[in-house]
1. Please arrange 31, 39 by how many other C-beta atoms lie within 10 Å of their C-beta, fewest to most.
2. How high is the relative contact order of the chain, given as a whole-number percent (alpha carbon pairs under 8 Å, six or more residues apart)?
3. I'd like the FRET efficiency for residue 66 and residue 5, computed as 1/(1 + (r/R0)^6) with the beta carbon distance as r and R0 of 35 Å, rounded to 0.05.
4. Could I have the simple spin-label model distance between residue 15 and residue 56, label points 7 Å from Cα toward Cβ, reported in nm to one decimal?
5. Each label point is 7 Å from the Cα along the Cα-to-Cβ direction; what then is the distance between the points at residue 47 and residue 33, in nm?
6. Taking the Kirkwood radius as the inverse of the mean 1/r across Cα pairs, report the Rg/Rh of the chain.
7. Give the peptides 58-65, 14-21 in descending order of average Cβ contacts within 10 Å, highest first.
Ligand SMILES: [Zn+2]
């Protein structure tokens with residue numbers, strides 16, 4: 001169980017999470033549903049569509065988290 005962890009994808013977050021998750025639950029909750037859906041969908045289609053669409057979705061998710069956190073502080 002320890003070899004399959006990676007840091008949360010959100011900026012400034014070092015929480016270690018399982019490999020199949022993109023972000024820790026706290027940060028993931030800040031990502032709008034539409035973007036969450038894109039992340040999940042592009043991840044499922046990785047083998048077909050490659051990393052491009054997935055990387056785009058991740059970039060949008062990270063930006064959404066940064067904006068949500070910036071707005072809160
Ligand atoms: Zn996080």
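FYI, it's all coordinate maths here, none of it is from the lab. Since the structure is predicted, the reported quantities are computational estimates derived from the model, not experimental observations. Positions of Cβ are backbone-derived with ideal geometry, glycine not excepted, and every protein chain shown enters the neighbour counts.
1. Working: 31 24, 39 21.
Exposure proxy ranking, most exposed first: 39, 31.
2. Numbers: 66 pairs, mean separation 20.0, N = 73.
Computed over the chain, the figure is 27 percent.
3. Numbers: r = 23 Å, r/R0 = 0.65.
Plugging the Cβ-Cβ distance into 1/(1 + (r/R0)^6) gives 0.95.
4. Between residue 15 and residue 56, the simple spin-label model gives 2.8 nm.
5. Simple spin-label model gives 3.0 nm for this pair.
6. Values: Rg = 12.3 Å, Rh = 12.6 Å.
Looking at the chain, the ratio lands at 0.98.
7. Numbers: 58-65: 18.1, 14-21: 11.1.
In decreasing order of mean packing, 58-65, 14-21 become 58-65, 14-21.
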